[in-house]
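Nothing in this text is a laboratory measurement; each read-out follows from the coordinates by a stated rule. Here the structure is a predicted model, which means the values were calculated and not measured. No Cβ is skipped: glycine too gets one built from the backbone with ideal geometry, and neighbour counts run over all protein chains shown.
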Amino acid sequence: MEPIKTIKRKRPFLSKTRTGCLTCKVRKVKCDEEKPACRRCTSTGRKCDGYAPVSKSASTTPPSRHSSPGKGPSTDLFATNAERRSFSYFETRACHDLGGSFHWQFWAREILQAAVHYPSTRHLVVAIGAAYEGYQGKAGEGSASSQDALRLSFEQSNQSIQLMGALFAAASTERQSTETTCNILASSVLFAYLACLQGQVGQAIKHVRSGLKVLQSFEKTKLIEDPTSAFPVSISHLRSLLTSIYGQIRCMINDEARATWEHDPIVSLIAPVLSYATIAEAHNYVESLWHNLLAFLQYTELHPPTTSDEIARFTAQHHLLSQALESSQQALELLASRRSPSHDDQDEPGFNILRLYHTLITIRLRVNPLDPGNREAAFDSLEQELAQMLQYCELIVNSQQSKTGPSFSSGLGYVMPLHTIAARCRNPRIRRRALQLLMSSGRREGLWDALLTGKIVTTTMEREERLASLQTIPSDARIREVKIEFLDERKARIRYITVADWRARLYGEQHILEW
């Protein structure tokens, strides 16, 4: 089956407006010419730039979704030099780290285009730029510069929140619904990553949940996306970005919390793929495959099949996921073989991340979900595959050693796989090397914080090994589940459940972790 091809959105031809406001001229849309600010702009949260003679704006052209941001936005968009500086830091540094190998088009192109015309987006870009500079330690901890950056990030995010009220009010307007919905969803994505950057994982989860509710409401009322929407990011792309973060949430939150979510966007139709055109396309497929496998395993754990029909459906789904994995492995290596030599170094970390996830998916498919009591012991026979995962992680980490300071990215990464290696592999050499990479990386990948993950793994190892020698850990002493409840900023309630606890349906050991 051929992969689904993305259909490029085309804007219909519209005659140039001659007497409207400057903003509508740039967007090439009909202006209602309301004074002093037109409703076409204010109803969607934009700043109306007022009116001027046609000759003064005749050369203005709208941003292209497929073009570079160029020299950046006009300095007139910023109230202070501090805002301009933080926007510049986002544009020159943060967006490239956030985009990584897979989401660069959103972070380094589309969101910068949106920031020029949508104030709510622009304020968030400035907020992330300020927070990211502080995160990377460019300003001394506790210094005036650090405090100023923190204050600016807080002020800018609050201004964006205030503008969001107008966006939600405009969402009920049919003419603007697609554009406004895109604006709201983009803000949800930016708010979520800003919260992650600040260590407020609980807040990030709330933003993702809010965005998914807006998306679900939109999809119930609109069968197709409006092709005339001027927002630079499409609904389908924003859906993918929100689903990406939600997939991380599904790895972390406990069963009770999962049951309160009204919508499960990570479950989708998955079929074998023949080829990949780009590494971004490969990432989307592998991430979707991982999400579908995660949902499949979690559902089977909570609702094990008992009847012959249920077992048949389980077997068929397991076979489908295995076929999809095999096809993805072949398509990825075919894409890798077609690379231009000049792009080898640039693309190799992304290819290794996808190979890493292929190996992770292979492991999870080989552990029989119908025998949950022996799940932890089953990982012992997969030590070679876990060691292969570690090798991929080392290659990825080594490729990033030239970067200074901690880094923060979106999309699939290596923090969660390192947790899997350290938590599931009982070979002391392998698991300690994985822990070492976690604790030294200073890495965040969306909700996955290497420092937090490393502390959880450290406790897991200590609790397992205090009951046994390093070489042999009895099955019942192994940590089977770690349940996380995020509390205040950089604080979480962690519950460690051994195999023995799970068999006896005991609560396990709990403690509060700060990082």
- Message: Based on Cα coordinates alone, diagonalise the gyration tensor for the stretch 76-247, multiply each eigenvalue by 5, take square roots, and list the semi-axes in whole Å, largest first.
- Response: 27, 16, 15
- Query: In what sequence do SER160, SER340, SER101 fall when counting other Cβ within 10 Å, fewest first?
  - Reply: SER340, SER101, SER160
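Between SER145 and LEU269, what's the calculated FRET efficiency when r is the beta-carbon distance and R0 is 45 Å? Round to 0.05. Walk me through the numbers before you get to the answer.
Values: r = 50 Å, r/R0 = 1.12.
With R0 = 45 Å, the Cβ-Cβ based efficiency is 0.35.
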- For the stretch 358-515, with equal point scatterers placed on the C-alpha atoms only and solvent neglected, what are the log10 I(q)/I(0) values from the Debye formula at q = 0.08 1/Å, to two decimals? -0.23
- Query: Which ordering of VAL116, VAL286, VAL189 is given by a fewest-first count of other beta-carbon atoms within 10 Å?
  - Reply: VAL116, VAL189, VAL286
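Hey, which of these cross-link pairs are over 23 Å Cα-Cα: LYS206/LYS491; LYS220/LYS483; LYS206/LYS483? Show your work: numbers first, answer last.
Numbers: LYS206/LYS491 16 Å; LYS220/LYS483 33 Å; LYS206/LYS483 18 Å.
Over 23 Å apart, Cα to Cα: LYS220/LYS483.
So what is the relative contact order of the stretch 263-452, in percent, for Cα pairs below 8 Å that sit 6 or more residues apart?
Values: 193 pairs, mean separation 37.9, N = 190.
Computed over the stretch 263-452, the figure is 20 percent.
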- Message: Give me the one-decimal nm value for the distance between modelled label points at ALA277 and ASP309, 7 Å along each residue's Cα-to-Cβ direction.
- Response: 4.1 nm
- Order by neighbour count: ARG313, ARG426, ARG122, fewest other Cβ atoms within 10 Å first, most last. ARG313, ARG426, ARG122
- Message: Could you tell me the ratio Rg/Rh of the stretch 328-447? Both radii from Cα atoms, Rh via Kirkwood.
- Response: 0.99
